Amino acid sequence: MRQCQLLMSVIREHAQREPETIACSFQPRGPETAIHLTYQELVDRVESRAKLLVLLGYRQKYIALLFPTGLEFIVDFLACLRAGVIAVPLNVTRNAKQFERTLTILADTKVQAILTTADTQKTLSKQLSEVNGGHESDFIWIDEHYRTLEDIDIPAVTPELVAFIQYTSGSTSSPKGVMVTQANVLHNMQVMQASCQHPKGAVVGGWLPQFHDMGLVGHMLLPLYLAGRYVFMPPMSFIQRPSRWLKLISQYRIFCSAAPNFGYEHCVNLIRESEDLSDLDLSCWKIALNGSEPVSAATMQQFSHRFYHLGFDHNAFFPSYGMAETTLFVSGGPQGTGVQSLSLDKASFELGKVEVKPDGVKVVCCGAINKDFTVRVVNPQTFEICRSNETGEIWIAGESVAQGYLNQTAKTVTDFQAKLANGDTTPYMRTGDMGFMLDGQLYITGRIKELLIVRGRNLYPYDIERTCRSYRYAAKGNGAAVFTFTRDSKTKLAAVVEVSRQALSDKPPRQLINDLKALVTEEHEIALDRILVVPPGTIPKTTSGKVKRTACCALL
Amino acid sequence: MKFCRQTLTEDITQYLCEAIEEFSTEQHLDTSFSRLGLDSTGHVQLSAIIEDHTQTEIEPTIAFDYPTINSLLQFLEGKYQQVKEIA
């Protein structure tokens, strides 16, 4: 397959060799609702859609894709790749904040046309006119009713062209559009196959959203590259009843299914013991990839404990590291190694040193770095390469690294074309993540932006937050924020902790504060300079429930 | 479709009592779920509870469209009446 330069040419070859093989299966609800496309059907639809896009003059122009989960999205996305139209996949949402983000992105790309379905268009036009004070939007909507009978040759597409723009889940106000080329896509397919050892014809899929990097590149494009099958369901069906994910895996004998840590946690928390899953067989699931969020060893353990009787093999866990900026995959595996973690000396770790020691700080391994990448651990201030026993920022070079952020030249230069202090002329992509390497394996310790430096020690807020949440009067949920603030030109450490209303009314606040102080001192050997105990729901959070630490300063 | 206002109210309040501290059936029948501090996953969980009760497919987003216990029950009751009339 290596000689092919484009993903779409690989897929068209599959269609020629095995036209009747099923390429995609979408199951919105129970097994009777499943719909499928063979390679021949898929490629025929993609060809006719690509011709339409060429005839309409969208080559090398941006076009937004706003689709509910389904087969239509696959066809239209691949048609963009085939025709050399720059796809901008976006989230169809009813949430007002998310919709605002979608509008920001549409403005950022100056998109004029939107690929969608007739049904979705109705809802979106209504949402848009509400935002615009009743005015109709100027977008050109291209739904399934647009057809062309004209037969043309689709002009060739070259590998260096931008294939799609992947917007990353940055803050609402400033989403960043990563420019991924045709060559990046194909390279990352090769990378994933090499690291995960997928067999040809592998069944891959699950519930991940199609508009987001892990669902798009990892679930949708990868099996099509492998002449395999992409099996999927709507993300919302998973959220509603997480056992549907496991049923899908068992039913379609899925080989590789990915989720962020949250997905595994959701299964542990919400699949009731009383639910009868005894006819499931998860032994087919050889790669349970966990990525895009920090991997929790505890969650993995709970998950395998709950589901091993259904044939789930804990060695199938596949913690990995990657991001839209590298198309997707950077490290993970090898297959069958499960969750590996290192125990490090806490005091050295907080000074930025890696020293293996039993019963210390546990860091989960993000797997072997794929050999096609050059990864450096770099001091984020001096740009010097760290010693092998030091933590630093992870810098990456390789053919999967994207071209930069759309319309953000300055940020593209700083983040995608960083140069080491040693004179090496290779441009590196700065990940913003801190970590280290050991024996070719990657370990991520946290985000640079979140690293707290207090009295000469490097601390990550989540470790201390976890301790606060373990306090017996702490409210349920994600209710603790730890951050630094400056008083008298000194950096001080503060915590805001949500405590149950019962405890707040029964106990003097002083007692709660002293308890928390003692707990943190005992666990982390650092004193909190300020603690605030507040009722549940006080801490500002993002729409996805993550604590907004900087906004917490205002509470002090 | 099955529907019994009393049992469904019990199922929903039982869930809310687990998910939200100090939830009170007397006070909160008309308070929106998000005001009570229920996150979006919790909203979707309500749809699963209703599905279990009614034995029919329920939109995962139903609790966003009918964001209080009373409005949810009223909607479902109306739907139930319709289904009965058609049958």
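The values are calculated or read from the model by the stated rules, or taken from the named source; none is laboratory data. As the structure is a computational prediction, the values presented were derived from the model and not from experiment. Cβ coordinates were reconstructed from backbone atoms using ideal geometry, including for glycine residues, and neighbour counts include every protein chain displayed.
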Test A:V356 against the stated conditions and say whether it is crowded, with 21+ Cβ neighbours inside 10 Å and in contact with a strand residue (DSSP E or B) (Cβ under 7 Å, 6 or more places away or on another chain). no
Show the residue pairs meeting these rules: Cβ distance below 9 Å; 6+ apart or different chains; first residue within the stretch A:342-353 and of a type outside the set (G, A, S); second residue assigned to a helix (DSSP H, G or I) and buried (at least 17 other Cβ atoms within 10 Å of the Cβ). A:K346/A:H524; A:E350/A:H524
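Table: residues versus (1) under 22 Å from A:P294 (Cβ atoms); (2) hydrophobic (A, V, I, L, M, F, W, C).
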{"site": "A:V363", "(1), (2)": "yes, yes"}
{"site": "A:C366", "(1), (2)": "yes, yes"}
{"site": "A:I369", "(1), (2)": "yes, yes"}
{"site": "A:N379", "(1), (2)": "no, no"}
{"site": "A:F383", "(1), (2)": "no, yes"}
{"site": "A:R387", "(1), (2)": "no, no"}
{"site": "A:E390", "(1), (2)": "yes, no"}
{"site": "A:G398", "(1), (2)": "no, no"}
{"site": "A:A402", "(1), (2)": "no, yes"}
I'm told A:K546 meets every condition in (1) surrounded by 15 or more Cβ atoms within 10 Å (Cβ to Cβ); (2) in contact (Cβ under 8 Å) with a residue 60 or more places away in the chain; (3) within 14 Å of another protein chain (Cβ to nearest Cβ) except one. Can you identify the failing condition by its number? (1)
Hey, does the stretch A:156-173 have a residue that's assigned by TED's automatic domain parsing to the domain that holds A:D213, exposed (fewer than 13 other Cβ atoms within 10 Å of the Cβ) and touching an Asp or Glu at 6+ places or on another chain (Cβ under 6 Å)? no
Give me the residue from the stretch A:1-28 that is more than 28 Å from the chain's Cα centre (by Cα) and free of Cβ contacts under 8 Å to residues at least 60 places away in the same chain and, out of that set, farthest from the other protein chains (Cβ to nearest Cβ). A:Q3
Return yes when B:Q45 is within 9 Å of chain A (Cβ to nearest Cβ) and within 10 Å of the chain's Cα centre (by Cα) and no when it is not. yes
Answer yes if at least one residue in the stretch A:83-96 is surrounded by 20 or more Cβ atoms within 10 Å (Cβ to Cβ) and among the polar types (S, T, N, Q), and no otherwise. no
Kindly evaluate A:S257 against the criterion of being of a type in the set (S, T, Y) and either assigned by TED's automatic domain parsing to the domain that holds A:G205 or assigned to a loop (DSSP other than H, G, I, E, B) (or both). no
Those residues of the stretch A:473-515 which are without any contact (Cβ under 8 Å) to a residue 12 or more places away in the chain and either away from chain B (no Cβ under 14 Å) or surrounded by 19 or more Cβ atoms within 10 Å (Cβ to Cβ) (or both) amount to A:T486, A:D488, A:S489, A:K490, A:P508, A:R510, A:Q511, A:N514
Tell me whether the stretch A:411-424 contains one or more residues that are part of a helix (DSSP H, G or I) and aliphatic (A, V, I, L, M). yes
One residue is enough: does the stretch A:205-213 have a residue meeting the conditions at pLDDT 95 or above, within 13 Å of chain B (Cβ to nearest Cβ), touching a Ser or Thr at 6+ places or on another chain (Cβ under 6 Å) and in a loop (DSSP other than H, G, I, E, B)? no
Options B:V83, B:V44; residue that is of a type in the set (V, I, T) and surrounded by 19 or more Cβ atoms within 10 Å (Cβ to Cβ): B:V44
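Yes/no matrix, rows are residues, columns are (1) of a type in the set (D, E, K, R); (2) surrounded by fewer than 22 Cβ atoms within 10 Å (Cβ to Cβ); (3) over 17 Å from the mean Cα position of the chain (by Cα); (4) not assigned by TED's automatic domain parsing to the domain that holds A:I444:
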{"residue": "A:Y225", "(1), (2), (3), (4)": "no, no, yes, yes"}
{"residue": "A:R229", "(1), (2), (3), (4)": "yes, no, yes, yes"}
{"residue": "A:R253", "(1), (2), (3), (4)": "yes, yes, yes, yes"}
{"residue": "A:E273", "(1), (2), (3), (4)": "yes, yes, yes, yes"}
{"residue": "A:C284", "(1), (2), (3), (4)": "no, yes, yes, yes"}
{"residue": "A:A288", "(1), (2), (3), (4)": "no, no, no, yes"}
{"residue": "A:S292", "(1), (2), (3), (4)": "no, no, no, yes"}
{"residue": "A:R306", "(1), (2), (3), (4)": "yes, yes, yes, yes"}
Name the single residue that is farthest from A:R501 (Cα to Cα) among those in the stretch B:12-42 being more than 13 Å from chain A (Cβ to nearest Cβ) and among the acidic types (D, E). B:D30
Any residue that is more than 12 Å from chain A (Cβ to nearest Cβ), closer than 30 Å to A:A503 by Cα and modelled with pLDDT of 85 or more - is there at least one of those in the stretch B:48-68? yes
Considering only the stretch A:516-538, state which residues are among the β-branched types (V, I, T) and within 11 Å of chain B (Cβ to nearest Cβ). A:T538
Residue count, the stretch B:6-32, condition surrounded by 17 or more Cβ atoms within 10 Å (Cβ to Cβ) and acidic (D, E), comes to 1
Consider B:F3 against the criteria (1) within 13 Å of another protein chain (Cβ to nearest Cβ); (2) touching a Phe, Trp or Tyr at 6+ places or on another chain (Cβ under 9 Å); (3) crowded, with 18+ Cβ neighbours inside 10 Å: it satisfies all of them except one. Which criterion is unmet? (1)
So A:Y308 fits all but one of (1) farther than 17 Å from A:T431 by Cα; (2) in contact (Cβ under 8 Å) with a residue 12 or more places away in the chain; what number is the exception? (2)
Would you mind stating whether A:R272 is charged (D, E, K, R), without any contact (Cβ under 8 Å) to a residue 24 or more places away in the chain, within 14 Å of another protein chain (Cβ to nearest Cβ) and farther than 24 Å from A:P294 by Cβ? yes
Being among the aromatic types (F, W, Y) and out of contact with any Cys (no Cβ under 9 Å at 6 or more places or on another chain): is that true of A:F436 here? no
Scan A:P242, A:P235 and give me the residue that is under 17 Å from the mean Cα position of the chain (by Cα) and within 14 Å of chain B (Cβ to nearest Cβ). A:P235
Only one of A:E393, A:E399 is assigned to a loop (DSSP other than H, G, I, E, B), at pLDDT 95 or above and of a type outside the set (S, T, N, Q); which? A:E399
